[in-house]
Amino acid sequence: MLNEVVEAITHERYVKLFLLGDESALKSIWRDGNNRAYLERIVQDKQFEDIARVVASEILYKEKPDYPPSEYDDALAYVYSQALRMTGNNDVLVSKLMGNQWGFLYHDDELGDAGREILGRHLMATGNKSIPYLIPLLDDTNLILYEGSQEATLGNSFGYRVKDAAAYYIAKLLGIDIRFYQQIEDRDKEIKKLKSKLREVGYE
């Protein structure tokens, strides 16, 4: 049965389960909680694909009010950091994760609307344990793409890269300021300063 759950998650992916307004596929995987233990194992077990672990966690978040238990923090810190990595354009055909699930990041902060998108909230919920997994993403230049009409026009206009998003969340977690610039060179200088701050507080 475990393999069937993994196959269903891998086949349906994130978009069909959460974004199309039809919960039938999600409910067929959840099966009134009968597959809860399988989903929990998928989240915790490194043998499964990262995207399967993300989707399993999102199903549990949606269907299980007391999820996640504190002992999942380490696993989820990794899982949601990898969700951010998989939102980069090199991985998006496999993961089907888009920038929409992370919001508009720095732009949302300017509007006072930060933290409205679900994957970002779940990443932040893991706290500083996610920082070691986010640090390698500070070198990831893959673009984060947005879809839709107005959201795509606005989101893609920023030219966010995975490294820009990783810097955003690290700064949030540490409670430090970081500025976003439209010019790539200026962004990279800001990220370089963030890396120095990380070393100062003991992150390598």
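Counting only residues that are farther than 13 Å from Thr10 by Cβ, in a loop (DSSP other than H, G, I, E, B) and of a type outside the set (Lys, Arg), how many does the stretch 32-49 have?
4
With the requirement that a residue be surrounded by fewer than 16 Cβ atoms within 10 Å (Cβ to Cβ) and of a type outside the set (Lys, Arg), what does the stretch 175-187 give you?
Scanning the stretch 175-187 gives Gly175, Ile176, Asp177, Tyr181, Gln182, Gln183, Ile184, Glu185, Asp186.
Restricting attention to the stretch 146-179, and to residues there that are among the acidic types (Asp, Glu) and in a helix (DSSP H, G or I), which single residue is farthest from Ala77 (Cα to Cα)?
This residue is Glu151.
Return the residues of the stretch 13-45 that are among the small types (Gly, Ala, Ser) and modelled with pLDDT of 95 or more; say none if nothing qualifies.
Residue satisfying the conditions is Ala37 alone.
Out of (1) crowded, with 19+ Cβ neighbours inside 10 Å; (2) more than 14 Å from the chain's Cα centre (by Cα), what's the single condition that is false for Arg161?
Evaluating Arg161 over (1) crowded, with 19+ Cβ neighbours inside 10 Å; (2) more than 14 Å from the chain's Cα centre (by Cα) leaves (2) as the failure.
Considering only the stretch 180-202, how many residues are within 15 Å of Asp139 (Cα to Cα) and not in a helix (DSSP H, G or I)?
Residues flagged as within 15 Å of Asp139 (Cα to Cα) and not in a helix (DSSP H, G or I) within the stretch 180-202 amount to 0.
For Lys195, all conditions in the list (1) under 26 Å from Ser57 (Cα atoms); (2) touching a residue at least 40 places away in the same chain (Cβ under 8 Å); (3) of a type in the set (D, E, K, R) hold save one; what is the number of the exception?
Tallying (1) under 26 Å from Ser57 (Cα atoms); (2) touching a residue at least 40 places away in the same chain (Cβ under 8 Å); (3) of a type in the set (D, E, K, R), Lys195 fails exactly one: (1).
What residue, among those in the stretch 49-81 that are surrounded by fewer than 21 Cβ atoms within 10 Å (Cβ to Cβ) and farther than 21 Å from Trp30 by Cβ, is nearest to the chain's Cα centre (by Cα)?
Going through the qualifying residues, I end up with Tyr78.
Six or more apart or on different chains, Cβ atoms under 8 Å: show the pairs whose first residue is in the stretch 60-88 and under 19 Å from Leu138 (Cβ atoms) and whose second is aromatic (Phe, Trp, Tyr) and at pLDDT below 95.
Correct list of pairs: Leu84/Trp102; Thr87/Trp102.
The values are calculated or read from the model by the stated rules, or taken from the named source; none is laboratory data. Computed from a prediction, not measured in an experiment: that's the story for all the values here. Note that each Cβ is placed from the backbone with ideal geometry, even for glycine, and that neighbours are counted across all protein chains shown.
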